[in-house]
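Written out below as structure tokens is the structure these notes cover.
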Amino acid sequence: MSELTIDSIQTTILDVPLVRPHKFATTVMDKQPLLLVEVRTSGGVIGFGEAVVPGGPWWGGESVETMKALIDGHMAPVVLGRSAEDITGIMLDIERVVAKATFAKAGVEVALHDAWARSLGVPVHTLLGGAYRDSVDVTWALGSAPIAEIIDEALAKLEQRMNFSFKLKMGALHPAADTQRVLAVVAALEGKAGVRVDINARWDRFTALRYLPQLADGGVELIEQPTPGDQIEVLAELSRILPVPIMADESVLTPHDALEVVRQQAAAVIAVKTTKCGGLQRSRDVVAIARAAGVACHGATSIEGPIGTAASIHFACSQPGINFGSELFGPLLFAEELLAEPLRYGDGKVALPQGPGLGVELNMDAVKTWTRN
Ligand code: MN
């Protein structure tokens, strides 16, 4: 048995409180559940990954509970006894017993990368070809408070030089009121910071045709996934008629989805989440297709905690194709620090953590405090 043999894989659900409620089109979260995936090698090295979805199953059908069941019951038997360096083979074999479930697979895949990199004494980005940059720009997602509070939040972030661009979630209100709300924020930040919107696939084609031109005219700099994910042709139509870029998110989980978006010229930017794509390897496949087609990629988030965010930072910093910044702000939304040494944010960026593996160490007392009983 080699030092790299995986001899245990454990999953733990945490519920971590947020600094303020985070609103999506169909749900509000005041705490974020995280599924911590821990693999241990026979050499005593521990690797962590996070399986995490944004506040519940509304986004992609997975939740921490379904992910725990799939990992414990169906993925763990594939992983146990294999070598941590056999990531490609392990993930292909998991594909044979678990379809889809990309968020759960990402948790396992990142834990394997962390364990393998720590065993070698190198950072995870080394396994991805090395760091191409040592930090990545971070856009901040503003809350759903009254307009004046949202503007104050943005101005405070600018003042602290934490973020220089902002994203607003849409889709929870009537489209007319929602559009007015966004345009008021854009007007208040004009000349200071760019504002983009994410409609999380909530509008139908007619609603998009009616209100997106108003958002573009009012100065919104980018529109993320206005219409349903599977309607690539609608995204393509909107891309043709709008003067601002469209970002595809719900439309792209797999490399083949990316190929379809490229073929139909449906988006200028693709939101790449290492979670929804099923891990670092598959995210790289998505970025490669986009890059070959001249489509930009954004390092997106499903509100990962520090482990998932660190994985996404290693990914973003190793990929020239992540050329449209990131929204890797997840840990800043958490009211409790789970790391011994927090990730470093500032000057509109987050820094690539240094050291072996993901380059971050969990504070196990904090983990214990927020573990679900
Ligand atoms: Mn999105």
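The values are calculated or read from the model by the stated rules, or taken from the named source; none is laboratory data. Quick caveat, the model's predicted, so the values are computed rather than measured. Here the Cβ positions follow ideal geometry from the backbone for every residue, glycine too, while neighbour counts run over all protein chains shown. Just the protein is used for accessible areas: all its heavy atoms, side chains included, with ligands, DNA and RNA removed. Shrake-Rupley method; radii C 1.70, N 1.55, O 1.52, S 1.80 Å.
Compute the semi-axes of the equivalent ellipsoid of region 315-373, taking the square root of 5 times each eigenvalue of the Cα gyration tensor, and list them largest first in whole Å. Please report the intermediate quantities before stating the final value.
Numbers: eigenvalues 123, 37, 23 Å².
Computed over region 315-373, the values are 25, 14, 11 Å.
So, R0 is 41 Å and r is the distance between the beta-carbons of residue 288 and residue 173; what FRET efficiency does that work out to, to 0.05? The formula returns an efficiency of 0.60 here. Extension gain for residue 12 to residue 190 (0.36 nm times residue separation, less C-alpha to C-alpha distance): 59.7 nm.
As a rough guide to protection, the peptides 237-243, 318-324 ranked by mean Cβ packing within 10 Å, highest first, stand as 318-324, 237-243.
Applying 1/(1 + (r/R0)^6) with R0 = 30 Å to the Cβ-Cβ distance of residue 134 and residue 336 gives a FRET efficiency near 0.65. At a 1.4 Å probe radius, carbon and sulfur cover how many percent of the accessible area of region 297-339? Using a 1.4 Å probe with all protein chains present, region 297-339 comes out at 46 percent carbon and sulfur. Every helix of 4 or more DSSP H residues in the chain counts as -39500 (n - 2.57), and over all residues that averages to -11000 deg cm²/dmol at 222 nm. Charge dipole (Cα centre; +1 on Lys/Arg Cβ, -1 on Asp/Glu Cβ; no other charges) of the chain amounts to roughly 400 debye.
Scattering from region 127-364 was approximated by placing one identical point on each alpha carbon and applying the Debye formula without solvent; log10 I(q)/I(0) at 0.09, 0.10, 0.13 1/Å stands at -0.36, -0.45, -0.77.
Counted residue by residue at 0.36 nm each, then reduced by the alpha carbon distance between them, the extension gain from residue 30 to residue 126 reaches 31.0 nm. Find how many whole Å separate the alpha carbon centroid of region 1-37 from the alpha carbon centroid of region 175-228. Value for the Cα centre distance between the two parts: 31 Å.
The accessible area of residue 174, taken with all protein chains in place and a 1.4 Å probe, comes to roughly 120 Å².
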